[in-house]
Amino acid sequence: MQPLVIDAKPQPVSIDPAKTAVLVVDMQNDFGSKGGMFDRAGIDISGIQRAVGPTASVIAAARKLRLPIIYLKMGYHSDLSDLGTSDAPNRLRHLQIFGVGESMTAPDGSESRILIRDTWGTDIVSDLKPEAGDVVLYKTRFSGFYETELDAVLKTAGIKQLIVTGCTTSVCVESTIRDAFFRDYHCILLTDCTSEPIALDSPRSNHDASITLVQILFGWTSTSDHFLRAMEGQIQERLERAG
């Protein structure tokens, strides 16, 4: 496959489909669905829900070109042994702010626990469900690279470029992009495929600041439309060969 040029900021960027993967960060029920952790805390999840449609289109196009789709999910063991030591900020903040581990009844009627692995809350939202062959990795910190197999998976597949989607923009998405930058990956963040809820005690969102940081320092920013436009020719060529 020929390299593709995506209209992006600070300038157009060329990607090699053979070395590119789509990264879907934390698009799970606890963050993006009614009845999930954010929604139960009174946090506006409408922005995350708006990002689902564009992200689904990006994933569908990527599948047609057989680009790897890698899902990250925030989730802890049921005994919270991977939440951190008793005085770890990660443990303290997650327990105090989000009530990680608390029991709840999910909207589908199942018994669930907040941010606990293999429960409704850590399932990917229904419109973005992984398919056979996709990679799904749990993480226990904001960055997808912290004590996970992500770097090894990417290196084994020969991936150097990441199309990044997911939530939330200034926390898990930006943390993952920063760590990818430190490891010499090229990241293209699709701005309509990410979102940052405005916290209840804050007058603003950090979404725009993260977008600016990425396009100035840590990678490139683009949109799902620009990505899909760049992919169209390759997809058509593949369809014609298959026909």
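The values are calculated or read from the model by the stated rules, or taken from the named source; none is laboratory data. Every value quoted in this text rests on a predicted model; they were computed, and no experiment measured them. FYI the Cβ positions are ideal-geometry reconstructions off the backbone, even for glycines, and counts take in every protein chain you see.
Below is a table of values for the structure above.
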| item | result |
| --- | --- |
| Subset of the range 25-40 (residues that are among the small types (Gly, Ala, Ser) and within 19 Å of Phe142 (Cα to Cα)) | Gly32, Gly36 |
| Residue match in the range 91-104 (condition: part of a loop (DSSP other than H, G, I, E, B), in contact with a helix residue (DSSP H, G or I) (Cβ under 7 Å, 6 or more places away or on another chain) and of a type outside the set (Gly, Ala, Ser)) | yes |
| For Val171: the one exception among (1) farther than 23 Å from Pro12 by Cα; (2) assigned to a strand (DSSP E or B) | (2) |
| Top-ranked residue in the range 90-146 [being among the acidic types (Asp, Glu) and closer than 17 Å to Phe31 by Cα; ranked as surrounded by the most Cβ atoms within 10 Å (Cβ to Cβ)] | Asp123 |
| Hits in the range 144-201 (condition: over 16 Å from the mean Cα position of the chain (by Cα) and modelled with pLDDT under 95) | Ile198, Ala199, Leu200, Asp201 |
| Within the range 207-224, tally of residues that are surrounded by 14 or more Cβ atoms within 10 Å (Cβ to Cβ), in a helix (DSSP H, G or I), at pLDDT 95 or above and not polar (S, T, N, Q) | 4 |
| Cβ pairs under 6 Å, 6+ apart, first in the range 12-40 and outside any strand (DSSP E or B), second of a type in the set (D, E, K, R) | Lys19/Lys160; Asn29/Asp123; Gly36/Asp30; Met37/Asp30 |
| Members of the range 153-181 found to be out of contact with any helix residue (DSSP H, G or I) (no Cβ under 7 Å at 6 or more places or on another chain) and either of a type in the set (Lys, Arg) or under 14 Å from Pro68 (Cα atoms) (or both), listed by number | Val153, Leu154, Lys155, Thr156, Ala157 |
| Residue within the range 27-39 that is in contact with a Pro (Cβ under 6 Å, 6 or more places away or on another chain), at pLDDT below 95 and surrounded by 15 or more Cβ atoms within 10 Å (Cβ to Cβ) present | no |
| Qualifying positions in the range 82-120 - small (Gly, Ala, Ser) and over 30 Å from Ala132 (Cβ atoms) | Gly84, Ser86, Ala88, Gly99, Gly101, Ser103 |
| Filter result for the condition that a residue is within 19 Å of the chain's Cα centre (by Cα), on the phi > 0 side of the Ramachandran plot and touching a residue at least 40 places away in the same chain (Cβ under 8 Å), over Asp118, Asp123, Asp44 | Asp118 |
| Residue list for the range 75-90, filter: closer than 30 Å to Ala21 by Cβ and either touching a helix residue (DSSP H, G or I) at 6+ places or on another chain (Cβ under 7 Å) or in a helix (DSSP H, G or I) (or both) | Gly75, Leu83, Gly84, Asn90 |
| Inter-residue pairs, beta-carbon under 9 Å, first without any contact (Cβ under 8 Å) to a residue 40 or more places away in the chain and in the range 173-194, second buried (at least 24 other Cβ atoms within 10 Å of the Cβ) and among the charged types (D, E, K, R), 6+ apart | Leu189/Glu174 |
